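Written out below as structure tokens is the structure these notes cover.
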Amino acid sequence: MTVAIASKPPFRAEVIGSLLRPRRLKDAGRALQEGRMQPAEYQAVLEAEVAHVIARQEDIGLRVVTDGELARSSWFGFFFEGLDGFRLEPSHFRFKDADGCSFEWPTCVAEARIRRRSPITLPEFERANPRVRRAAVKATMPAPSAFHFFRLDKSVDRQAYPDIAGYFDDLVAVYRAELADLARAGCRYVQLDEVPIAMLCDPDVRRQVEAQGGDPAALLDTYIGLLRRVAADRPGGMTLGLHLCRGNFRGRWMAAGGYEPVAEKLFNQAPVDVFFLEYDSERAGDFQPLRFVPRDKHVVLGLISSKSALLEDQESLVRRIEEAARILPLDQLGLSSQCGFASVAGGNVLSEDEQWAKLELIVDTAARVWGG
């Protein structure tokens, strides 16, 4: 079967977002915190390391790159740190690992009307874009659902927002402004990282939601609705992607369960061009939910684990892609890791060499399956 080689987003070989922070950058960050380095010196190190990871991504053959999210505290924290009006409180949901251990983590609560002080993702794009030679730069940011789900209706103080609808209005305005600023700077590829909808695939999570007075079906409608409002005035020529993730914190996760509970509505109603789907373990279920993907949308299969140092076997990857292609045509598919390699600055438990080997495997396998 001959499949056309993608010349614009999405691509057959994709990078999801975060990369392990290089040792030099970590050392510089520590020196900055301890007062042994000036902010301008730290920025110089950051810019040099961003240039390095972009060059490395292009050198291994990726046609899309990110800045590795090297300047971020985490995939989510950097975004609410760029807004006024939030404080931290414990999330209602916990990370867990294969040994059954779990731990609490902080999330944001709106204690006043939220306000975007200045563009949040734009500086990352403007730092990265001049450094590419031939690839497209993909900007990434958390989906708006992350600002509600982890504490549900306790995500706001009622003095600040007597009606949750007002909070959602302000949140949508933030995202529309972000997309507009990115478009004016020349960004044509944006990925929203969506954890809550993926968590709603988990029967245990759905029970937790109901125990807290929530309705999983209504939440799915709400979160898709927020996405639709954000994308309602999407700048022309901008490809929009949605990355589904069940949590990624140094190899830990928050949920399990196949996409079936959300698939039909999500794939048909979410206003995006491509879905980046976690598929690296049995926690993500099988490929049957892909039957709901419309013909004009793409799916990038996250078959490579960013949580583990073990390098996947290419023959097994090819077989899994062929299995997915029995449900969704091969020309609608691509390949990536299931998530980034450092959703938090500390990074997952693997080395930089192991990270790059996995990205090279993605490129090599995509070339084998779809042509080079």
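The values are calculated or read from the model by the stated rules, or taken from the named source; none is laboratory data. Note that this is a predicted model, so its numbers are computed, not measured. Here Cβ is always computed from backbone atoms with ideal geometry, including for glycine, and neighbour counts include all displayed protein chains. Note: accessible area is taken over every heavy atom of the protein model, side chains too, but ligands, DNA and RNA are not part of it. Shrake-Rupley method; radii C 1.70, N 1.55, O 1.52, S 1.80 Å.
Obtain the nm distance between the two label points defined at ASP204 and GLN288 by a simple spin-label model: each point lies 7 Å from its Cα along the Cα-to-C-beta direction.
2.2
Given H placed 1.01 Å from N in the peptide plane, which residues other than close sequence neighbours of ALA143 have an amide H under 5 Å from its amide H?
Close amide H contacts, sequence-distant or interchain: ASP193, GLU194, VAL195.
Describe numerically, in nm with one decimal, the distance between label points set 7 Å from Cα along Cα→Cβ at ALA357 and at ASP296.
The answer from the label model is 4.3 nm.
If you roll a 1.4 Å probe over the chain with all protein chains in place, what percent of the accessible area is carbon or sulfur?
It is 49 percent, rounded to a whole number.
For the stretch 1-76, with the dipole built from +1 on Lys and Arg beta-carbon atoms and -1 on Asp and Glu ones, taken about the Cα centre, which of ALA55, TYR42, LEU32 lies farthest toward the positive end?
Going by the charge dipole, the pick is ALA55.
With θ taken as phi - 60° and the coefficients 6.51, -1.76 and 1.60, list the Karplus ³J(HN,Hα) couplings across the stretch 272-282 in order, rounded to whole Hz; mark glycine and proline as x.
With the stated coefficients, the stretch 272-282 comes to 10, 9, 8, 10, 9, 10, 5, 8, 8, 8, 5 Hz.
Tell me the label-point distance for the pair ALA160, GLN314, using the 7 Å Cα-to-Cβ offset, in nm and rounded to one decimal.
About 5.1 nm separates the two model spin labels.
Does anything in the stretch 272-309 have its amide N under 12 Å from the 7 Å Cα→Cβ label point of GLU260, and if so which residues?
Counting backbone N atoms under 12 Å from the label point, the list is 285-290.
Take the stretch 236-372, compute every pairwise Cα distance, and split them into 10 Å bins from 0; I just need the percent in each bin.
Per 10 Å bin, starting at 0, the Cα pair percentages come out as 12, 43, 35, 10, 0.
Is the shape of the chain rounded, prolate or oblate, going by the alpha carbon gyration tensor and its root eigenvalues a ≥ b ≥ c, with a/c under 1.5 for rounded and a/b larger than b/c for prolate?
Rounded is the answer for the chain, as its axis ratio a/c remains below 1.5.
For the stretch 110-200, which trypsin sites (Lys or Arg not before Pro) pass both filters: DSSP loop (anything but H, G, I, E, B) and at most 12 other C-beta atoms within 10 Å?
ARG117, ARG133, ARG134, ARG158
Got a sec to turn the phi values of the stretch 197-207 into Karplus ³J(HN,Hα) couplings, 6.51 cos²θ - 1.76 cosθ + 1.60 with θ = phi - 60°, whole Hz, x for Gly and Pro?
3J(HN,Hα) across the stretch 197-207, in whole Hz: 5, 5, 5, 5, 6, 8, x, 5, 5, 4, 5.
In terms of modelled amide H atoms, which long-range or inter-chain residues lie less than 5 Å from the amide H of LEU335?
Long-range HN contacts for LEU335: ALA13, GLU14, LEU301.
So which aspartates and glutamates can LYS154 reach, going by Cα to Cα under 13 Å and dropping same-chain residues fewer than 8 places off?
Cα-Cα hits under 13 Å: GLU89, GLU111, ASP163.
According to the Kirkwood expression over distinct Cα-Cα pairs, how big is the hydrodynamic radius of the stretch 43-195, in Å?
After inverting the pairwise mean of 1/r, the radius is 17.0 Å.
Could you tell me how many cubic angstrom of Cα convex hull volume the stretch 310-363 has per residue?
90
Quick one: Karplus J couplings for the stretch 220-228, per residue in order, coefficients 6.51, -1.76, 1.60, θ = phi - 60°, nearest Hz, x for Gly and Pro?
Per residue, the Karplus-derived 3J(HN,Hα) values read 4, 4, 4, 6, 5, x, 4, 4, 5 Hz.
Calculate for the chain the 222 nm mean residue ellipticity that helices alone would give, adding -39,500 (n - 2.57) per DSSP H run of length 4 or more and normalising by residue count, nearest 500 deg cm²/dmol.
One gets -11500 deg cm²/dmol as the mean residue ellipticity at 222 nm.
Highest mean first, how do 205-215, 275-285, 325-335 rank when packing is the count of other Cβ atoms within 10 Å averaged over residues?
So the peptides 205-215, 275-285, 325-335, ranked by packing, come out 275-285, 325-335, 205-215.
Tell me the per residue accessible area of the chain using a 1.4 Å probe; a whole number in Å² is fine.
Per-residue accessible area for the chain comes out at 40 Å².
I need the Debye-formula profile for the stretch 15-100: one equal scatterer per C-alpha, no solvent, reported as log10 I(q)/I(0) at q = 0.12, 0.13, 0.16 1/Å, two decimals.
One equal scatterer on each Cα of the stretch 15-100 leads to -0.52, -0.60, -0.84.
Counting other C-beta atoms within 10 Å, and keeping those with at most 12, which DSSP coil chymotrypsin sites (Phe, Trp or Tyr not before Pro) do you find in the stretch 337-372?
Passing sites in the stretch 337-372 do not exist.
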